[in-house]
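Q: Quick one: structure below, then a few questions.
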Amino acid sequence: MPAILGFIGRRCLATLPVLAGAVVFTFVVMRLLPADPAAFLASGPGMGQAEIEAIRVSMGLDRSIPEQLAIYAGDVLRGDLGRSYTTGEAVVDDLAARLPASLELTVTAFLLAILVALPLGVVAATRPGSVIDHLCRAIAAAGTSLPTFVVGLLLIHVFYSELGWAPEPVGRMDVMLIPPPVVTGSLVIDALLAGDTGVLASVLGRMVLPCLTMTAFAVAPLARITRGAMIQVLSADFVTAARAAGLPRRMVLTRALRNAAVPVVTTLGMVFSYMLGANVLVEKVFAWPGIGSYALDALMNADYAPVQGFVLLVAITFTLVNLAIDLLYGLIDPRVGRIG
């Protein structure tokens with residue numbers, strides 16, 4: 001246990017420069033945008049240059065960039081990510097309110113991708129040149145080349161506009177229904193806790209198309225990496241020796257899959273982190289009220305604080321996922337993941 005805690009402490013310290021870099025980079029990029037948030041706020045009637053300058057002073061935009069960065073960094077260290085002038089709420093509260101919707105979508109799509117990609121990659125590796133193998137490579141190529149918003153629009157056109165099988169792609173549930181009491185923020189879990197089958201059916205129905213869109217994004221790299229790792233392991237000497245010794249096929253595949261797990265687990269962590277950040281366009285296409293659409297709306301309105309808070313949240317998630325992967329390495333292969 002002391003070795004594990006020491007390892008976690010070292011890894012957390014190593015992530016601090018990454019988080020600091022994300023804060024500085026996002027801050028500088030937002031200040032380089034041509035849009036002026038003071039001009040957006042002063043867009044009403046009777047607002048002139050004097051009013052714009054007054055707003056700039058009140059927002060601290062009249063200070064130098066290094067001075068603004070120092071103030072913002074101090075606020076971040078205190079847990080204050082600023083206030084969104086678009087919603088009028090603190091960014092921390094906005095992100096906390098919208099994060100369950102994004103996690104609900106991302107986690108569901110991620111689990112679906114695992115259920116599809118891992119068996120597909122394993123079967124394709126054990127049967128090279130077969131129909132399954134060609135299907136795996138075709139899915140990997142299509143998933144890599146097609147942007148997520150294109151897949152989402154195609155699914156909307158086919159299953160909503162043409163076939164009428166899917167509900168309207170707007171929001172998380174039917175506006176005519178009363179949402180269940182908020183316990184976790186996830187409508188699926190809250191509806192189950194409340195026993196509201198109507199809300200549950202509405203939520204699950206509206207999750208189908210965005211989940212399939214994000215699943216298509218995640219299946220491609222997972223299936224490709226799983227197939228490549230399994231092909232490499234299956235050609236190793238110990239697998240050849242196990243087959244020659246007459247060991248059952250299932251036992252050989254199980255041992256091979258464990259040896260191929262390190263690159264697969266690495267890809268799983270990267271894909272999950274990318275999904276949480278890449279769901280911006282998916283949430284916008286399906287009007288999903290998550291952190292992605294929140295950040296995109298703020299960016300279009302030159303609202304600095306929400307965008308900076310969103311990037312920082314994704315960076316923290318990425319570092320935590322990488323920490324979890326490093327800990328899993330020790331369970332998968334002690335030679336790779338030794339903590340001491």
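The values are calculated or read from the model by the stated rules, or taken from the named source; none is laboratory data. All figures in this text were calculated on a predicted structure; none of them were measured in a lab. Here Cβ is always computed from backbone atoms with ideal geometry, including for glycine, and neighbour counts include all displayed protein chains. SASA here: full protein model, heavy atoms, side chains in, ligands and nucleic acids out. Shrake-Rupley method; radii C 1.70, N 1.55, O 1.52, S 1.80 Å.
Q: Do me a favour and compute the ellipsoid semi-axes for the range 259-313 from its Cα gyration tensor, root of five times each eigenvalue, largest one first, whole Å. Display every interim value, and only then the final one.
A: Working: eigenvalues 163, 32, 7 Å².
Sorted largest first and rounded, they come to 29, 13, 6 Å.
Q: While we're here: I'd like to check one number: the per residue accessible area of the chain, probe 1.4 Å, reported in Å² as a whole number.
A: Each residue of the chain exposes 53 Å² on average to a 1.4 Å probe.
Q: Here's something else I'd like to know. Near Ala90, within a Cβ-to-Cβ distance under 10 Å, what is the net charge of the other residues, with Lys and Arg +1 and Asp and Glu -1? Working shown, then result.
A: Details: positive: Arg83; negative: Asp80, Glu89, Asp93, Asp94.
Around Ala90, the charge tally is -3.
Q: Another question, if that's okay. Would you mind calculating the gained length between Leu115 and Phe25 on full extension (0.36 nm times residue separation, minus the Cα-Cα distance), in nm to one decimal? Show your work: numbers first, answer last.
A: Working: separation 90, 0.36 × 90 = 32.40 nm, distance 3.63 nm.
Full-extension gain reported as 28.8 nm.
Q: What is the gain in length, in nm to one decimal, between Met251 and Ile178 on full extension, counting 0.36 nm per residue of separation less the C-alpha to C-alpha distance?
A: Going from the current span to full extension adds 21.1 nm.
Q: For the range 100-332, count all C-alpha to C-alpha pairs, find those more than 23 Å apart, and express that count as a whole percent of the total.
A: 57 percent
Q: For Tyr274 and Leu32, what is the calculated FRET efficiency with R₀ set at 22 Å and r taken between the beta-carbons, to the nearest 0.05? Don't skip to the end; give the middle numbers.
A: Working: r = 24 Å, r/R0 = 1.11.
FRET efficiency, Tyr274 to Leu32: 0.35.
Q: If amide hydrogens are placed 1.01 Å from N in the peptide plane, which non-local residues have theirs closer than 5 Å to the one on Arg83?
A: Counting only residues 5 or more places away or on other chains, the set is Val91.
Q: Along the range 249-258, what does the Karplus equation 6.51 cos²θ - 1.76 cosθ + 1.60 (θ = phi - 60°) give for ³J(HN,Hα), rounded to whole Hz, x for Gly and Pro?
A: 4, 5, 5, 5, 5, 5, 5, 5, 5, 5
Q: Continuing with this model, one more query. Please find the FRET efficiency linking Asp237 to Ser130, where r is the Cβ-Cβ separation and R0 is fixed at 35 Å, and quote it to the nearest 0.05.
A: 0.90
Q: Related question: For the chain, which span is the longest to avoid every loop-located (per DSSP) member of trypsin sites (Lys or Arg not before Pro) having at most 12 other Cβ atoms inside 10 Å?
A: No qualifying site falls inside 79-334, the longest such stretch.
Q: Positive end of the dipole of the chain, charges at C-beta (+1 Lys, Arg; -1 Asp, Glu), about the Cα centre: which of Leu163, Ala261, Ala101 has its Cα farthest in that direction?
A: Ala261
Q: Within the accessible area of the chain, what % is carbon and sulfur when the probe is 1.4 Å and the other protein chains stay in place? Intermediate results must be reported in sequence, preceding the final value.
A: Values: 12480 of 17860 Å².
After summing per-atom areas, the C and S share lands at 70 percent.
Q: What number do you get for the range 79-210 when its Cα radius of gyration is normalised by 2.2 N^0.38 Å, N = residues?
A: Dividing the Cα Rg of the range 79-210 by 2.2 N^0.38 Å gives 1.35.
Q: Based on Cβ point charges of +1 for Lys and Arg and -1 for Asp and Glu, what charge dipole magnitude is obtained for the chain about its Cα centre, in debye rounded to the nearest 20?
A: 1920 debye
Q: Moving on. Take the eigenvalues of the Cα gyration tensor for the range 201-240, scale each by 5, and report the square roots as semi-axes in whole Å, largest first. Mind dumping the intermediate values first?
A: Working: eigenvalues 268, 19, 3 Å².
Three semi-axes, in Å: 37, 10, 4.
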